[in-house]
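Have a look at the structure below before the remarks.
The values are calculated or read from the model by the stated rules, or taken from the named source; none is laboratory data. Note that the structure is a prediction, hence the values are computed from the model and not measured. Methodologically, a virtual Cβ is constructed for each residue, glycine included, from the backbone with ideal geometry; neighbour enumeration extends over all protein chains shown. Note: areas computed on protein heavy atoms with side chains; ligands, DNA, RNA excluded. Shrake-Rupley method; radii C 1.70, N 1.55, O 1.52, S 1.80 Å.
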Amino acid sequence: MAVLARLRTEQYGYSLRVALGQDGLEMEESTLYPLLRRLESQGLLVSEWREEEKRKKRFYRLSDEGEAVLTRLHAEWRRISDSLERIL
């Protein structure tokens, strides 16, 4: 859910990893890159290769379907969180 939310704004893999780390969600490259490929294969992300700073980088962003899934996941997260708050 955090990856989808962060990719509302286009980013390449390393910048996404740094942003997640700054949010307190450290993620290894060996976890992040397969996740990005899987999310793209599911139609939740779109990507394109571009040259930046004389290097080719793959930029990812949330697709329309990804936005819809993120909205549903967020609503489900809120319901679970609210239930846990009542229990605790």
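Being open to solvent by 60 Å² or more (accessible area, probe 1.4 Å) and in contact with a strand residue (DSSP E or B) (Cβ under 9 Å, 6 or more places away or on another chain) narrows it down to one of 79, 8, 55, 86, so name that one.
Going through 79, 8, 55, 86 in turn, just one is open to solvent by 60 Å² or more (accessible area, probe 1.4 Å) and in contact with a strand residue (DSSP E or B) (Cβ under 9 Å, 6 or more places away or on another chain): 8.
So is residue 38 closer than 14 Å to residue 61 by Cα and free of Cβ contacts under 8 Å to residues at least 40 places away in the same chain or not?
Details: closer than 14 Å to residue 61 by Cα: yes; free of Cβ contacts under 8 Å to residues at least 40 places away in the same chain: yes.
Yes: the conditions hold for residue 38.
Go over the candidates 58, 72, 37 one by one and state the one that is at pLDDT 95 or above, on the phi < 0 side of the Ramachandran plot and within 13 Å of the chain's Cα centre (by Cα).
Step by step, each of 58, 72, 37 is checked, and only 37 is at pLDDT 95 or above, on the phi < 0 side of the Ramachandran plot and within 13 Å of the chain's Cα centre (by Cα).
Take the residues in region 41-52 that are without any contact (Cβ under 8 Å) to a residue 12 or more places away in the chain and acidic (Asp, Glu); name whichever of them is least open to solvent (accessible area, probe 1.4 Å).
48
Can you tell me which residue within region 2-59, out of those that are basic (Lys, Arg) and part of a loop (DSSP other than H, G, I, E, B), is farthest from residue 74 (Cα to Cα)?
54
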